[in-house]
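Asker: Input: one structure, supplied below.
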Amino acid sequence: MKFITVAGPPSSGKTLVIIHLIRLLKADGLRVVVGKIDCHETGDGMQFKERLGIPVVVGRSDYVCPDHYMAVNAEEIFNFGKAHDADFTIVETAGLCHRCAPAIRGCMAVAVVDNLSGIDTPRKIGPMLTTADVVVITKGDMVSQAEREVFRGNTREVNQTAKIVELNGLTGMGALNLKRLVMDAPDTDTLAGKELRHDMPAAVCSYCEGETRIGADFQMGNIIKMDVQEV
């Protein structure tokens, strides 16, 4: 089975990218399962189920970082795919802080970013983008050709090895190029013992534990204080 992670900032178009991809995979008779990780309520699970008629499992991370939640539950999602005899198990994770990297060594990692987020966005995202095998750039129809080229150039600057695909989430144009790439994704028999491509942020502080008060007297654990100097 091929296990593929799809990450990216909110509203970058991850769900539509996956829907267009799965339609092409299903047209070839391939069995696909989706794992959807979100923070709170989400209707994307039913969207996959109703529009594609495929097995879907949904996880809500609640107060936990969705990418941490995905890493903790990746093996369970993998086993869900195996139980359905899937050829592909695709996991969409919410990806909020841009610092987490849910990509797994030995499994294909896809990052989705959109042109509307600003031409400097690729430099701000971090491991989610820099460790990806494939970068899908969406919403190119809403910016100028010059902006598309600058955005693509900045993406290439931070990830020099990834394949870059431009995909229109409304029409699906570009999805065939993505399908060709995921068809070459490595097969894996198990996730047990596999490693993340990058460490997760060490964010265990008093606020992680439920503290709501502001001030040094209420802060403990892993905290970083600013060296306040005028720029």
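Asker: Nearest 5 percent is fine: what portion of the DSSP beta bridges confined to the chain is antiparallel?
Answerer: Percent antiparallel among DSSP bridges in the chain is about 5.
Asker: To continue, here is another question. If the only charges are +1 at each Lys and Arg Cβ and -1 at each Asp and Glu Cβ, what is the size of the charge dipole of the chain around the Cα centre, to the nearest 20 debye?
Answerer: It comes to approximately 620 debye.
Asker: At 222 nm, what value in deg cm²/dmol follows for the chain if DSSP H runs of at least 4 each add -39500 (n - 2.57) and the sum is divided by all its residues, to the nearest 500?
Answerer: Result for the chain, helices only: -9000 deg cm²/dmol.
Asker: State the number of lysine pairs found in the chain whose Cα atoms come within less than 15 Å, restricting to pairs 8 or more positions apart or on distinct chains.
Answerer: Close lysine pairs found across the chain: 11.
Asker: Could you check the simple spin-label distance between T171 and S11, using points 7 Å along Cα→Cβ, in nm with one decimal?
Answerer: 2.4 nm
Asker: Could you point to the residue in N159, N177, P122 farthest towards the positive end of segment 122-203's charge dipole, with +1 and -1 charges on the Cβ of Lys/Arg and Asp/Glu respectively?
Answerer: Selected residue: P122.
Asker: Just to confirm the number: angle between the C-alpha axis of helix 66-83 and the first principal axis of the chain, 0 to 90 degrees, nearest 10?
Answerer: Its long axis makes an angle of about 30 degrees.
Asker: Which residue, P55, H84, A101, has the largest displacement toward the positive end of the dipole of segment 55-104 when charges sit on each Cβ (Lys, Arg +1; Asp, Glu -1)?
Answerer: A101
Asker: Suppose the Debye formula is applied to equal point scatterers at every Cα of segment 21-76; what is log10 I(q)/I(0) at q = 0.14, 0.23, 0.27 Å⁻¹?
Answerer: Log10 of I(q)/I(0), two decimals: -0.42, -0.90, -1.04.
Asker: If you stretched the chain out fully between D62 and A146, how much longer would it get, using 0.36 nm times the residue separation minus the C-alpha to C-alpha distance?
Answerer: Result: 26.3 nm gained on full extension.
Asker: Follow-up. Between segment 15-61 and segment 70-106, how far is it from one alpha carbon centroid to the other, in angstrom?
Answerer: After rounding, the separation between the Cα centres reads 13 Å.
Asker: For segment 14-136, which semi-axes, largest first and in whole Å, follow from the square roots of 5 times the eigenvalues of its Cα gyration tensor?
Answerer: 23, 17, 14
Asker: Over the Cα atoms of segment 165-224, what radius of gyration and what Dmax do you get, in Å?
Answerer: Expressed in Å, the Cα Rg and Dmax of segment 165-224 come to 21.5, 56.
Asker: GNM, the chain, Cα, under 10 Å: largest mean-square fluctuation among V112, V143, V33?
Answerer: The residue with the greatest mean-square fluctuation here is V143.
Quick note: the coordinates plus some simple rules give every number you see, no bench work behind them. This is a predicted model, so every value here is computed, not measured. Note: ideal-geometry Cβ built from the backbone for every residue, glycine included; neighbour counts use all protein chains shown.
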